[in-house]
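Novice: Sharing a structure with you now.
Quick note: the coordinates plus some simple rules give every number you see, no bench work behind them. Since we're looking at a predicted model, the values are computed, not measured. As a convention, Cβ positions derive from the backbone with ideal geometry for all residues, glycine included, and neighbour counts pool all protein chains shown.
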Amino acid sequence: MGRYQDALDYIFSFVNYEKPVRFGYNAETLNLGRMRELLDRLGRPQDRFRCVHIAGTKGKGSTSAMIESVLRTAGYRTGLYTSPHLHTWRERIRFDGTLMPKAALVEQLSKARPSIEAMPELTAFEIMTALAFTYFAQEGVDWAVLETGLGGRLDATNVVTPAVCAITSLSFDHVELLGHTLPEIAAEKAGIIKTGVPVVSAPQAPEALAVIEQVCSERSARLIRAGVDWTATRQSADLSGQTLTLRRTADGLTLPDLRIALLGDHQIINATVAVALLAELRAQGVGITDDVLREGLTAAHWPGRFEQLNKRPVLVLDSAHNTDSALRLRSTLAEFFPHMPKRRLALVFGASADKDIPGILEVLLSPDPTGSYAPPARVIVSRSGHPRQADPALLAKMARGVEPNAAVEVRDSLDAALADVLAWSKPDDLICVTGSIFVVAQARRAWAARHPEAFLPDDWVFQDEAPGENVPDDIVEVDRVKVKG
């Protein structure tokens with residue numbers, strides 16, 4: 001990949017992901033003043049576009065994708081900044097729905113490098129964020145949708161003044177850093193709330209919502225609650241998507257026939273947050289008609305989230321990496337593929353070592369209360385393909401600890417696991433690959449090698465970079481090393 005790979009190697013030289021993910025999560029280590037100084041050196045690119053800012057544990061990416069799609073459909077030049085990525089680093093920075101070109105990364109880094117080298121304590125994520133901002137400014141972006149990388153309060157993106165903020169569903173993840181209680185996690189996520197800027201929140205546990213409400217009160221930020229101020233009713237659903245009706249409680253505004261391609265009750269929540277945020281933008285004068293809203297939501301695409309790649313046997317991929325997302329996956333599987341006597345479930349699982357692996361496995365290896373989800377007849381554990389991956393032998397031990405009678409097998413690679421389970425399965429069976437976004441990426445890569453016709457020609461899988469390369473930690477501010485030369 002030439003100069004592009006050189007640029008990525010340079011960025012990642014600021015991150016040491018050979019070591020465990022342990023660092024001082026505090027305002028000294030994650031210094032927003034450092035980020036502001038870098039942006040000042042680069043001419044304050046964040047002041048040259050308007051933005052919305054999204055934090056949360058689950059649903060940030062899907063919600064951001066919906067918002068960006070609607071804004072682009074409305075005719076605005078859009079930027080989208082998300083993390084981590086499935087197949088190519090360029091997914092993280094998109095302009096008008098298109099991946100950042102390799103040449104653009106090289107160009108932006110070349111321009112920024114003198115400023116970067118004047119500040120050797122920068123992190124990789126700070127550099128990536130700055131490059132996103134300079135690229136968006138250069139391309140004349142009207143609206144940028146910015147997703148936090150970790151937390152919110154100390155996240156490198158938290159140097160902007162957005163038009164609207166959103167906090168998606170909160171649950172337990174990165175607890176060693178963000179806190180072991182929902183109020184602690186909520187306080188970190190609510191750190192993106194700015195004085196006078198409206199905030200949209202997904203439904204939250206009472207103790208998390210109380211923190212968000214308190215921060216909103218302290219900062220005179222109006223709070224809009226999905227599920228209360230905006231409510232959703234599902235009209236219909238099939239494997240091609242869901243149709244919803246949304247209603248604003250205050251004035252009875254009703255938006256029927258909203259179609260989203262993403263499946264599951266949790267995606268209805270994400271769509272509600274997205275529409276509530278877009279309604280706030282519309283109130284600020286942004287040109288979003290009802291027809292634009294419908295078209296933009298329908299077009300929103302976010303691969304790797306309950307994605308079906310095959311029908312017989314069914315092959316589903318989902319990036320469920322904590323207990324809450326595993327519960328949602330189990331519920332969605334039960335809804336769309338209910339247990340039948342002839343249908344067997346095979347689970348292919350891999351995860352990062354710092355996740356709540358026993359909690360995830362407890363959910364996926366147990367039946368749900370309705371009986372519509374049957375525990376898997378076969379479990380194959382493998383590597384996640386990430387520097388923080390859990391040892392498959394340890395995963396197998398954990399699985400047997402949760403369910404001693406589970407038929408658990410270890411495969412060294414996801415490709416071998418997928419080949420094995422495909423040879424075992426019958427047409428009526430269901431295969432689910434989950435546990436990590438990196439496992440999903442490997443499954444998509446393996447399936448594309450077998451069946452390229454299963455993907456659209458412009459799917460990111462065809463831009464796939466070498467497995468294990470260009471995969472910075474999704475907790476990006478880890479032990480830093482000095483820039484080399």
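Novice: Restricting to bridges with both residues inside the chain, how much of the DSSP beta-bridge set is antiparallel, in percent to the nearest 5?
Specialist: Details: 24 of 61 bridges.
Approximately 40 percent, going by the DSSP bridge assignments.
Novice: Using the basic label-point model (7 angstrom from Cα toward the beta carbon), what is the Met340 to Asp458 distance in nanometres?
Specialist: 3.6
Novice: Sticking with this one: Could you work out how much longer the chain between Ala250 and Ala377 gets when fully extended? Use 0.36 nm per residue separation minus the Cα distance between them, nm to one decimal.
Specialist: Values: separation 127, 0.36 × 127 = 45.72 nm, distance 4.89 nm.
Full-extension gain reported as 40.8 nm.
Novice: Now for a separate question. I'd like the Kirkwood hydrodynamic radius of the stretch 307-458, using the inverse of the mean 1/r over distinct C-alpha pairs, in Å.
Specialist: On the way: mean 1/r = 0.0660 Å⁻¹.
Kirkwood hydrodynamic radius for the stretch 307-458: 15.1 Å.
Novice: So what is the calculated 222 nm ellipticity per residue for the chain, using -39500 (n - 2.57) for each DSSP H run with n of 4 or more, over all residues, to the nearest 500 deg cm²/dmol?
Specialist: Numbers: 15 runs with 177 residues, N = 485.
Helix-only estimate at 222 nm: -11500 deg cm²/dmol.
Novice: Can I ask one more? For the chain, what is the Kirkwood hydrodynamic radius in Å, using each pair of distinct C-alpha atoms?
Specialist: Values: mean 1/r = 0.0437 Å⁻¹.
About 22.9 Å, per the Kirkwood formula over Cα pairs.
Novice: In nm, to one decimal, how far is the Ser110 label point from the Asp257 one, both placed 7 Å along Cα→Cβ?
Specialist: The two pseudo-label positions are separated by 5.1 nm.
Novice: Using alpha carbon coordinates only, what is the Rg to Rh ratio of the stretch 24-152, with Rh defined as the Kirkwood radius?
Specialist: On the way: Rg = 14.2 Å, Rh = 15.0 Å.
Reported Rg/Rh (Cα atoms, Kirkwood Rh): 0.95.
Novice: Please give the net charge around Val159, taking every other residue with its beta carbon less than 14 angstrom from that of Val159, where Lys and Arg add +1 and Asp and Glu add -1.
Specialist: On the way: positive: Arg34, Arg36, Arg41, Arg44, Arg48, Arg153, Lys194; negative: Glu37, Asp40, Asp47, Glu126, Asp155.
So the surrounding residues net to +2.
Novice: May I ask for the net charge around Val141, where only other residues with Cβ less than 13 Å from the Cβ of Val141 are counted and Lys, Arg are +1 while Asp, Glu are -1? Spell out each step's value before the answer.
Specialist: Working: positive: Arg48, Arg50, Arg72, Arg77, Arg94; negative: Asp47, Glu68, Asp96, Glu139, Asp142.
With Lys, Arg at +1 and Asp, Glu at -1, the neighbours total 0.
Novice: Also: Give the shape of the stretch 237-312 as rounded, prolate or oblate, defined through the alpha-carbon gyration tensor: a ≥ b ≥ c are the square roots of its eigenvalues, a/c under 1.5 means rounded, and otherwise the shape is prolate if a/b is larger than b/c and oblate if not. Mind showing how you got there, number by number?
Specialist: Working: a/c = 2.43, a/b = 2.00, b/c = 1.21.
Here the stretch 237-312 falls in the prolate category.
Novice: Nearest 20 debye, what's the magnitude of the dipole of the stretch 337-413 about its Cα centre given +1 on Lys and Arg Cβ and -1 on Asp and Glu Cβ?
Specialist: Numbers: 10 positive and 8 negative charges, 63 e Å.
Dipole size: approximately 300 debye.
Novice: Then there's this: Ranking Trp460, Trp230 by Cβ neighbours within 10 Å, fewest first, what do you get?
Specialist: Numbers: Trp460 19, Trp230 23.
By the 10 Å Cβ count, ascending: Trp460, Trp230.
Novice: Sort Val439, Val141 by Cβ crowding within 10 Å, fewest neighbours at the top.
Specialist: Numbers: Val439 31, Val141 24.
Least crowded to most crowded, the residues run Val141, Val439.
Novice: Let me check I've understood the local charge: for Gln204, count other residues with C-beta under 13 angstrom from its C-beta, Lys and Arg +1, Asp and Glu -1. What total comes out?
Specialist: On the way: positive: Lys58, Lys189, Arg225; negative: Glu207, Glu213, Asp324.
So the surrounding residues net to 0.
Novice: So, one more: If each residue's Cβ is checked for other Cβ atoms within 10 Å, how do Met66, Met340 rank with the fewest at the top? Kindly include the intermediate steps, with their values, before the conclusion.
Specialist: Working: Met66 30, Met340 11.
By the 10 Å Cβ count, ascending, the order reads Met340, Met66.
Novice: Number of Lys-Lys pairs in the chain under 19 Å by Cα, sequence gap 8 or more or different chains?
Specialist: Qualifying lysine pairs in the chain: 15.
Novice: Let me make sure I get this right: for the stretch 27-73, a, b and c are the square roots of the gyration tensor eigenvalues over alpha carbons, sorted descending. Under 1.5 in a/c it's rounded, otherwise prolate if a/b > b/c, else oblate. Which is it?
Specialist: Values: a/c = 4.78, a/b = 1.50, b/c = 3.19.
The shape class here is oblate.
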